[in-house]
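Visitor: Structure provided below as structure tokens; questions to follow.
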Amino acid sequence: MNIGDKVRMVHGREEGIIVGFTKNHMIEVEIEDGFRIPMLRSEIVIISQEEAARFQKNPVTEPTKNTSRDVLADRGIFLAFIPLNDTGLALYLINNTDFDMPYTLGQEQNGKYKGIKGGSLARKSSVKIDEYSSQNFESWGVFVWQSLLFREGMTSLREPMLQRIRFRANTFFKTKAKAPLLGKDAHLFQLDTPAASQPVTIQPDKIVESWENNTQLITNNQSKAKTVNKPASEIDLHIEKLTTNLIGLATAEMLQIQLQAFEKALDAAIAHGMHDITFIHGVGNGTLRNEIHRKLGKNVHVQYYEDAQKEKFGYGATKVKLK
């Protein structure tokens, strides 16, 4: 799933557009009237382009007659480097929005600018820019992207966008993701971030952080990190144990609080070299348990996990054995 993808709620009839990714693998979806809600990845499914064209509310022959209830993706522009071999990379520009995109792409090096490609990229389409070698990172210079978004009919005005990107070998290969529209593994970089209207340099490691929020990046300031307290051997994740401010909290917000507490305790247990830790998540509808198990299955520091003592916790707790 990527920014700009159209999605439908699994347990509802609402449809919307992915506009962002929050902590704990929550996905921010914009539905009608610009309202945004956080959703779990398991609670939404992508609507294919063929399905959207077949069942869209407005006929394809009348693209200018958009109703106020239409949800349009105005973000989702990427540079995707698709591996060709051990060192070769094919660069694609991807427009995963619902807007046509006049654009230019060039490179700055030693105070000089070189145009690479320009034109207009249609909505939900991509174009191959060129091929590069990963052995020559330093000769790539700074990629400069400029663009506008255009759509016939009544829409809000979009400001021109400008982005400068310098890639570094030590962070470039940490950006592996599935390229939207192309459906291939790629080193993926989003261009239309909120700061795209300003000439800034993207730090690729920050982009990695936005896609893998549960991965802690190594920095030169590790020695200055705050001391982490050793957690208890049993962590109760029932929401009433984590916060007293329950009034007005939506189910998704409660889940986010519980997952944050889980990740904080797990990281602390790993940092202190604990052999095991037990998380009491309750039975409920199984959403919290499933999310915890999914995260544990991806954590390289986890040797295995299992249901804790059934006579003590029933089926409402998971014991984690750490390496």
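The values are calculated or read from the model by the stated rules, or taken from the named source; none is laboratory data. These numbers come from a predicted model, not from an experiment. Note: ideal-geometry Cβ built from the backbone for every residue, glycine included; neighbour counts use all protein chains shown. Surface accessibility is based on the protein's heavy atoms, side chains included, excluding ligands, DNA and RNA. Shrake-Rupley method; radii C 1.70, N 1.55, O 1.52, S 1.80 Å.
Visitor: Report the Cα centroid-to-centroid distance between region 67-140 and region 294-310 in angstrom, as an integer.
Guide: So the separation of the two Cα centres works out to 39 Å.
Visitor: OK, next. Go through region 75-159 and name the GluC sites (Glu not before Pro) that are in a DSSP coil and have 14 or fewer other Cβ atoms within 10 Å of their Cβ. Kindly include the intermediate steps, with their values, before the conclusion.
Guide: Values: sites: E108, E131, E138, E152; in loops: E152.
Taking region 75-159 and a limit of 14 other Cβ atoms within 10 Å, the loop GluC sites (Glu not before Pro) found are E152.
Visitor: For region 84-94, in order, what is each residue's ³J(HN,Hα) by Karplus, 6.51 cos²θ - 1.76 cosθ + 1.60 with θ = phi - 60°, in whole Hz (x at glycine and Pro)?
Guide: 9, 7, 4, 10, x, 9, 9, 8, 10, 9, 10
Visitor: Return the FRET efficiency for the residue pair N170, D236: r is the Cβ-Cβ distance, R0 is 51 Å, and the value is rounded to the nearest 0.05.
Guide: On the way: r = 40 Å, r/R0 = 0.79.
Approximately 0.80, to the nearest 0.05.
Visitor: What distance in nm separates the simple spin-label points at D267 and S120, each placed 7 Å from Cα in the Cβ direction?
Guide: 4.7 nm
Visitor: What's the carbon and sulfur percent of region 64-142's accessible surface, probe 1.4 angstrom, rounded to a whole number? Before the final figure, lay out each step's value.
Guide: Numbers: 1630 of 3760 Å².
On region 64-142, the fraction of accessible area on carbon and sulfur atoms equals 43 percent.
Visitor: Evaluate the distance, in nm, between pseudo-label points positioned 7 Å from the Cα of I46 and of Q135 along their respective Cα→Cβ axes.
Guide: It is 3.4 nm.
Visitor: Here's another thing I want to ask about it. Can you list the residues, at least 5 places off or on another chain, whose amide H is less than 5 Å from the amide H of G141, using H built in the peptide plane?
Guide: Here the answer is none, since no amide H 5 or more places off falls under 5 Å of that of G141.
Visitor: Turning to a different aspect of this structure: Could you state the accessible area per residue of region 115-186 in Å², with a 1.4 Å probe and every protein chain left in place? Mind showing how you got there, number by number?
Guide: Working: 4040 Å² over 72 residues.
Spelled out: the 1.4 Å probe surface of region 115-186, per residue, equals 56 Å².
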